[in-house]
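Notes follow once the structure below has been shown.
The numbers here are math on the coordinates, done by the rules we state, and not lab data. Quantities reported herein were computed from a predicted structural model and do not represent experimental measurements. As a convention, Cβ positions derive from the backbone with ideal geometry for all residues, glycine included, and neighbour counts pool all protein chains shown.
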Amino acid sequence: MKNPCFEFSRAIIRKPAASITEGLRAIDTGPPDLTRMTAAHDSYAATLRETGAEVIALSALPAYPDSIFVEDTALCLPQGAILMRAGAPTRSGEVYEMAPVLYKMYKDVREIKGPGTIEGGDILVTAREVLVGLSERTDQAGVDELAALTADWGYKVRAITIPPDVLHFKTDCSLLDANTILSTQRLAASGCFDDYNVIYTAPDEESAANAIRFNQFVIMAAGFPNTAKRLRDSGYEVREIDNVDCAKLDGGMSCLSLRF
Ligand code: CIR
């Protein structure tokens, strides 16, 4: 039987638009390059497809500069999908673009109605619980509404305080298998992963923490050789993708897809 936390048959991605230069970022390190980002996005999609999964590539949405980061719009679970409610005002319309796609694929689609906010980048689903980071984008009311919406599907939701200046919970962690998490030291220091095996990102490689386990691969940003080695030494089949331009917008491997 498949483990729904990391064995997937489909992924949804969205092509980057020229407006990515207007995307949100904590620190401005210069504009992302559309040509390079598109090439990296194509190799991300090809890697997902290489596992045998179907990849649904949605058209670019110039009106939403951050819309390439589809993960934030929804939580896809085997039982159904939950539409998120963005904490970033410029991103709140993205969910209405994703909703019709998910209604076609799922019988049960539920919706965070508010007043709380919650973004997919703050949610890590493991084999036994749903962990949600309290961030600038996700508040306790959003977590409570998610817990209420998923209770009848049997999910236990646990809220986690994340370090300051970290955009999303999963900026700093990823699920590697049923019981193993890749994390930065600064996030795991709170004890939030004490019940899991943890592989830490290598020193000065915190930005490697946002990876995805997608079927047989761990897909991570290129440029973090020591973390990649740790993962390979632990037996994972690692694929590295250029993330230079998404990183300028604080985005990474998980942000670029909805996986189910
Ligand atoms: C934002 O600030 O919303 C985007 N520039 C980056 C979103 C990254 N998404 C994610 O971590 N799931």
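Go through (1) under 18 Å from the mean Cα position of the chain (by Cα); (2) among the aromatic types (Phe, Trp, Tyr); (3) away from the ligand (no atom under 16 Å from the Cβ) one by one and return the number of the condition residue 214 breaks.
In the conditions (1) under 18 Å from the mean Cα position of the chain (by Cα); (2) among the aromatic types (Phe, Trp, Tyr); (3) away from the ligand (no atom under 16 Å from the Cβ), residue 214 misses (3) alone.
State whether the residues of the stretch 196-207 include one that is small (Gly, Ala, Ser), within 14 Å of the ligand (Cβ to nearest atom) and surrounded by fewer than 24 Cβ atoms within 10 Å (Cβ to Cβ). So that I can check it myself, show each step before the final result.
Step one: of the stretch 196-207, the residues small (Gly, Ala, Ser) are 202, 207.
Cutting the leftovers down to within 14 Å of the ligand (Cβ to nearest atom) gives us 207.
With the extra rule that they be surrounded by fewer than 24 Cβ atoms within 10 Å (Cβ to Cβ), the set shrinks to 207.
Among the residues of the stretch 196-207, at least one is small (Gly, Ala, Ser), within 14 Å of the ligand (Cβ to nearest atom) and surrounded by fewer than 24 Cβ atoms within 10 Å (Cβ to Cβ), which makes the answer yes.
Checking the conditions here, which among 27, 68 is in a loop (DSSP other than H, G, I, E, B) and exposed (fewer than 15 other Cβ atoms within 10 Å of the Cβ)?
Working: 68 fails: exposed (fewer than 15 other Cβ atoms within 10 Å of the Cβ).
Answer to the selection: 27.
Only one residue in 75, 134, 149 is touching a residue at least 24 places away in the same chain (Cβ under 8 Å) and under 16 Å from residue 12 (Cβ atoms), so which one is that?
75
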